[in-house]
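Each remark here refers to the structure printed beneath this line.
The values are calculated or read from the model by the stated rules, or taken from the named source; none is laboratory data. The structure presented is a predicted model; accordingly, all values stated were derived computationally and were not measured. Cβ placement follows ideal geometry from the backbone for every residue including glycine, while neighbour counts extend to all protein chains displayed.
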Amino acid sequence: MDESAIKTVDLRKVFGDTVAVDDLNLEIGRGELFGLVGPDGAGKTTTMRLLAAVMEPTSGNAWVAGLSIINEGERIKEHIGYMSQRFGLYEDLTIMENIIFYADLHEVAKEKRPPKIERLLGFSNLTPFKDRLAGRLSGGMKQKLGLACALIHTPEILFLDEPTNGVDPVSRRDFWRILYDLLKEGTTIIVSTSYLDEAERCTRIGLMHKGSIIMKDSPSEIKKSLGMPMMEIWPDDARNAIAVIKKVEGVKSVSMYGNKLHVALAKRELVETIIAELRQAGIEIKGQREILPSIEDIFISKVEGQ
Amino acid sequence: MIRSSIAVKVRELTKKFGDFVAVDNINLNIKKGEIFGFLGPNGAGKSTTMKMLCGLLLPSGGSGSVGGFDIMKESEEIKKNIGYMSQKFSLYDDLTIAENINFFSGIYGVDKNRKRARMEWVLDMAGLQDRRNALTKVLPGGFKQRLALGCAILHEPPILFLDEPTSGVDPISRRNFWNLIYEMSNAGTTIFVTTHYMDEADYCNRLALIYRGRIIAEGTPNELKQKYMTRYVLEIEVDKVVEAMEIIYRNGIETAIFGSLLHATVDNIEKAVPKIKKLLEESNITLNRIERIMPSLEDVFVTLIETS
């Protein structure tokens, strides 16, 4: 069998005159946690649907677990789990009934079910709630139930389309711990996200824009690609400081992160000029240091530069 | 008309559903022009509180006013004086952009001779001048979100309620959206916003954290980071982040990945630092740096929830 979990060759999907996925060539190895990142409408969801064999491409081909999405789609479904943004949970069924429903759907043998279900409920911390109606679960718990359902047939490849949307920080941490456990067991995971701090947790990231992957590498390599120093500056009034800093010659970009600013500079020495200008404007500096840019910095510079 | 400098004021506000207390005796004071962030885990009581403030749900107890109107008796007046945008962007997908704007103008009773000007204002603000006759369903998330915001403020309300307005919207659109919010706040609009993005919470003037129906912390973002954080946060830089996180976490120290770094939350720095160093050394993980840092709002949020 092929070493790669996923391979696409000139994969293309057109809706009317919109090219949603534009001749995509992508290879994802087994055991990777691959993050698909990009602005809304970049083609992330369409790519996932094509690879999950729930939608046919306009042209090109892709192999998932060594099977072609064009004529082996049904067999692909045995090897993958797919959790879409609007994951189909039945709100009037209990947690347990939902899981059994998905076990039926995937034709999981009856005798194999009890240990699997016990394990899935255990790692998602849902065991105490197994008789609760899905409609009465919080957002974070629904998410974990969705994941448990997508995993009932022990797929080797897992597709997660923006799984932590609208989920609070405590539940997001739990959810990612589960993903790391799956990764350790050898599952290949492809996740799309608009939380860029999550993208940094992936083993590799593909930055998608207008149907193409414009960059793919490990988070640390991607962060080195900015090609200029990035300073973190912590002024007492971040909002007004932006306008002042933008006027300094040699400043390539300024963006706000909470109450701090990330400033990309043509050269490091410009920091002194910035601090002097800010003092002039009556803004004090509480701290500054050179940092590696975040994925969000790279994302903004690449997408806005296109 | 806003009758005082306080836009929203509630005392001992409570909402029960049967035996379940969704909102438990909360007090809030929000000043005119303030950006007030309302944080909490899913199911903590955020949406229920917001619905009571918007006049959509009658409280079980307590009192309060929004824009000077009594939340118990004047809900119809409140509705005319507020804008409300839910995370689902309640737009009609099968109407065009212009039709959606017209529809909401009608709902909010926008004056006939103001209608055209308001429509152009929304189209400008949302960057949709060229696409007014396109169907709403073809718009990417970021545009839909700005259109929904425009529709929610067609009647120029002095108070705006936003329920997870940036959920599922990409970072660039989120930044543009917050610039709009700042402009509105500078112009005097009061903003009440819920979010799960902790970097956005940092953009608010003041925050309250609700958990199990009760407000467990309140203050400016800096106050929350200083006053409520009784534990310390260590920033750890290692070569193998995921492995390091697991080892530290499994040894009973709350740890999370922040980008390529780890944040560990500890009670006692003198004890924790050597313990972490030893754990990493035993697992052959190279430690580049470990230092105490100012906690992020996410650290504060998680600590407050887990210790309450």
Apart from one, (1) in contact (Cβ under 8 Å) with a residue 40 or more places away in the chain; (2) among the basic types (Lys, Arg); (3) surrounded by fewer than 14 Cβ atoms within 10 Å (Cβ to Cβ) all hold for A:LYS246; the odd one out is (1)
When every residue in the stretch B:185-203 that is farther than 22 Å from A:ASN165 by Cα and out of contact with any strand residue (DSSP E or B) (no Cβ under 7 Å at 6 or more places or on another chain) is compared, the one modelled with the lowest pLDDT is B:ASN186
Heads up, the helices (runs of 4 or more DSSP H) in the stretch B:157-256 (entirely inside) with at least 1 residues that are of a type in the set (A, V, I, L, M, F, W, C) and closer than 22 Å to A:GLU296 by Cα are B:171-186, B:198-201, B:241-250
- Query: within 14 Å of chain B (Cβ to nearest Cβ), of a type in the set (D, E, K, R), buried (at least 22 other Cβ atoms within 10 Å of the Cβ) and over 14 Å from the mean Cα position of the chain (by Cα), is that true of A:ASP168?
  - Reply: yes
Of those in the stretch A:171-193 that are part of a strand (DSSP E or B) and in contact with an Asp or Glu (Cβ under 7 Å, 6 or more places away or on another chain), the residue farthest from the other protein chains (Cβ to nearest Cβ) is A:THR188
If we ask which residues in the stretch B:87-140 are of a type in the set (Gly, Ala, Ser) and buried (at least 18 other Cβ atoms within 10 Å of the Cβ), their number turns out to be 2
Looking across the stretch A:1-23 at residues that are acidic (Asp, Glu) and exposed (fewer than 15 other Cβ atoms within 10 Å of the Cβ), the single one that is modelled with the lowest pLDDT is A:ASP2
Scanning the stretch B:127-147 for residues that are within 13 Å of chain A (Cβ to nearest Cβ), farther than 23 Å from B:ASP163 by Cα and assigned to a loop (DSSP other than H, G, I, E, B) gives B:ALA134
By residue number, the members of the stretch B:283-308 that are of a type in the set (S, T, N, Q), farther than 15 Å from A:VAL170 by Cα and outside any strand (DSSP E or B) are B:SER283, B:ASN284, B:THR286
> Does the stretch B:230-242 include one or more residues that are β-branched (Val, Ile, Thr) and within 12 Å of chain A (Cβ to nearest Cβ)?
Replying inline: yes
Counting only residues that are of a type outside the set (Phe, Trp, Tyr), surrounded by 22 or more Cβ atoms within 10 Å (Cβ to Cβ) and within 12 Å of the chain's Cα centre (by Cα), the stretch B:145-163 contains a total of 1
Checked B:LEU262, B:LEU280 against criteria (crowded, with 20+ Cβ neighbours inside 10 Å and either on the phi > 0 side of the Ramachandran plot or not in a strand (DSSP E or B) (or both)); the one match is B:LEU280
### Query
Taking the condition more than 30 Å from B:THR303 (Cα to Cα), out of contact with any Lys or Arg (no Cβ under 8 Å at 6 or more places or on another chain) and modelled with pLDDT of 85 or more, does A:THR193 pass?
no
Test: A:GLY146 is among the small types (Gly, Ala, Ser), within 14 Å of another protein chain (Cβ to nearest Cβ) and surrounded by fewer than 20 Cβ atoms within 10 Å (Cβ to Cβ)
no
Of A:GLY41, A:GLY31, A:GLY81, the only residue that is in contact with a Leu (Cβ under 8 Å, 6 or more places away or on another chain), within 14 Å of chain B (Cβ to nearest Cβ) and at pLDDT below 95 is A:GLY31
Of the listed residues (A:THR46, A:THR8), the one being within 14 Å of chain B (Cβ to nearest Cβ) and under 21 Å from A:THR193 (Cβ atoms) is A:THR46
Checking A:GLU290, A:GLU249 in turn, the sole residue that is more than 11 Å from every other protein chain (Cβ to nearest Cβ), more than 18 Å from B:ILE172 (Cα to Cα) and at pLDDT 90 or above turns out to be A:GLU249
Those helices (runs of 4 or more DSSP H) completely within the stretch A:24-112 that have 2 or more residues that are surrounded by 21 or more Cβ atoms within 10 Å (Cβ to Cβ) and within 17 Å of the chain's Cα centre (by Cα) are A:44-51
Scanning the stretch B:243-253 residue by residue, the ones that are at the interface with chain A (Cβ under 10 Å from one of its Cβ atoms) and surrounded by fewer than 18 Cβ atoms within 10 Å (Cβ to Cβ) total 3
- [ ] With the condition kept exactly as written, say whether any residue in the stretch B:264-276 is over 20 Å from B:GLU223 (Cα atoms), within 14 Å of chain A (Cβ to nearest Cβ) and either out of contact with any Cys (no Cβ under 9 Å at 6 or more places or on another chain) or free of Cβ contacts under 8 Å to residues at least 12 places away in the same chain (or both).
- [x] yes
